[in-house]
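Some notes on the structure that comes next.
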Amino acid sequence: MTDQEMTVAGLRAQVAEFVSAREWEPFHSPKNLSMALSIEAAELMEHFQWISMEESSQTSADPAKLAAVGEELADVLCYALALANALEIDVATTLAAKMKKNVIKYPVEEYRGRYGPEDPAGA
């Protein structure tokens, strides 16, 4: 299924079914899942370590690299969804609420085209 065909609920169900079939629920504490998520995020970062921003942008041009990065991203998503399942967090609601906060925290007029506001002193 593609992103356009699958719902967040469907993804969560896939992860829950995988975990349940293996009876891994006792091991899926929020502590363990958050640690596993961090480890998988570090494995994703390894693909970009020591390369330039330009080189990292070319990842999609190399099918083997893209597949390897995709697998690590999938691991990150699996653990994030497993954590949402363990804590009964509604991902869509939580993401929407966070984006509302981000809109306030990062106003377009101050952050368009840059990662931080301009220095008020003009330095």
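Quick note: the coordinates plus some simple rules give every number you see, no bench work behind them. Only a predicted model underlies this, so the values are computations on that prediction, with no experimental measurement involved. Every residue, glycine as well, gets a Cβ built from its backbone with ideal geometry; the counts of neighbours run over all protein chains shown.
What to note about this one:
- Restricting the first member to segment 89-110 and to residues that are part of a helix (DSSP H, G or I), and the second to residues that are surrounded by 10 or more Cβ atoms within 10 Å (Cβ to Cβ) and of a type in the set (Lys, Arg), the beta-carbon pairs closer than 9 Å and six or more apart or on different chains are Val91/Arg12.
- Residue within segment 97-109 that is small (Gly, Ala, Ser) and at negative phi present: yes
- Whenever a residue of segment 7-36 is over 17 Å from Val76 (Cα atoms), it has no partner that is of a type in the set (D, E, K, R) lying with C-beta atoms less than 6 angstrom away and at least six residues away or across chains.
- Residue match in segment 52-66 (condition: touching a residue at least 40 places away in the same chain (Cβ under 8 Å), surrounded by 15 or more Cβ atoms within 10 Å (Cβ to Cβ) and either closer than 30 Å to Glu118 by Cβ or β-branched (Val, Ile, Thr) (or both)): no
- Residue match in segment 6-23 (condition: among the aromatic types (Phe, Trp, Tyr), under 18 Å from the mean Cα position of the chain (by Cα) and closer than 25 Å to Thr93 by Cα): no
- Lys31 vs. criteria in contact with a helix residue (DSSP H, G or I) (Cβ under 9 Å, 6 or more places away or on another chain), among the basic types (Lys, Arg) and farther than 24 Å from Thr7 by Cα: no
- Of all residues in segment 18-51, exactly one satisfies the criterion of being loosely packed, with under 11 Cβ neighbours inside 10 Å and within 12 Å of Leu83 (Cβ to Cβ), namely Lys31.
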